[in-house]
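The values are calculated or read from the model by the stated rules, or taken from the named source; none is laboratory data. Note that the structure is a prediction, hence the values are computed from the model and not measured. Ideal geometry is used to build each Cβ from the backbone, glycine not excepted, and the neighbour counts take in all protein chains shown. Accessible surface areas use protein heavy atoms only, side chains included; no ligands, DNA or RNA. Shrake-Rupley method; radii C 1.70, N 1.55, O 1.52, S 1.80 Å.
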Amino acid sequence: MVGLKSHDCHVLMQQLLVVAIRDILSNKVRLAITHLCFFFNVIFRKVVDPVKCDDLENEAVIILCQLEMYFSPAFFDIMIHLIVHLVREIKCCGPVYLRWMYPVDRYMKILKGYTENLHHPKASIVERYIAEEAIEFCSEYIEKAKPVGLPESCHDDRVGGKGSRGLHVITCMC
């Protein structure tokens with residue numbers, strides 16, 4: 001469970017936690033956690049019905065009240081409280097998948113891999129990023145360019161599938 005990324009935690013919460021607690025906890029605790037997992041499944045869908053948003057908001061409050069009955073107050077920090085505001089955020093901004101940070105997290109991992117000088121990591125990342133962009137631009141530009149000063153091969157057309165084989169027959173229609 002060490003080294004999990006945010007996407008891994010979401011998958012655990014939405015899919016695997018329900019299966020993992022199946023025979024471990026008492027029925028009431030298991031039911032509350034299962035409702036929480038189902039709630040996350042609903043709000044992370046690509047299509048959320050705006051008519052059901054009020055019911056979802058009420059359900060979030062009920063789930064938190066159930067969790068308060070079974071868990072100690074130390075469990076409830078500010079992050080647990082934010083569950084109440086997720087449905088309101090969906091109403092204002094649309095589905096959650098449009099604002100996910102997973103692609104940004106993945107790209108940040110790539111950028112952090114560019115670090116060569118640990119004393120100046122930002123400068124190292126910028127330097128390598130600029131070099132990569134310049135190489136990419138040049139490779140796209142060179143593909144379209146024609147060589148200057150180099151003679152063209154007389155075999156290029158035949159190798160590329162152009163040209164003809166055999167005798168050239170000219171017919172005259174007189």
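Points to keep in mind about this one:
- For Ser153 and Ser139, the difference between the fully extended length at 0.36 nm per residue and the C-alpha to C-alpha distance is 2.8 nm.
- Dipole-positive endmost among Asn58, Ile135, Phe75 within segment 40-149 (Cβ charges, Cα centre): Ile135
- Alpha-carbon centroids, segment 106-128 and segment 131-145: separation in whole Å: 22 Å
- Here the dipole of segment 1-75 is about 280 debye; that uses its Cα centre as origin and unit charges on the Cβ of Lys and Arg (positive) and Asp and Glu (negative).
- The residues packed around His35, meaning those with a beta-carbon under 12 Å from its beta-carbon, carry a net charge of +1 if Lys and Arg are +1 and Asp and Glu are -1.
- In Å², nearest 10: area of Phe75 left accessible to a 1.4 Å probe: 90 Å²
- For Val48, distant residues with modelled amide H under 5 Å away: none
- Overall form of segment 1-106 per C-alpha gyration tensor (a/c, 1.5; a/b vs b/c): oblate
- Tensor-based shape of segment 74-135 (alpha-carbon gyration tensor, a/c under 1.5 rounded, otherwise prolate or oblate): oblate
- Cα gyration tensor shape for segment 1-62, rounded if a/c is under 1.5, else prolate or oblate: oblate
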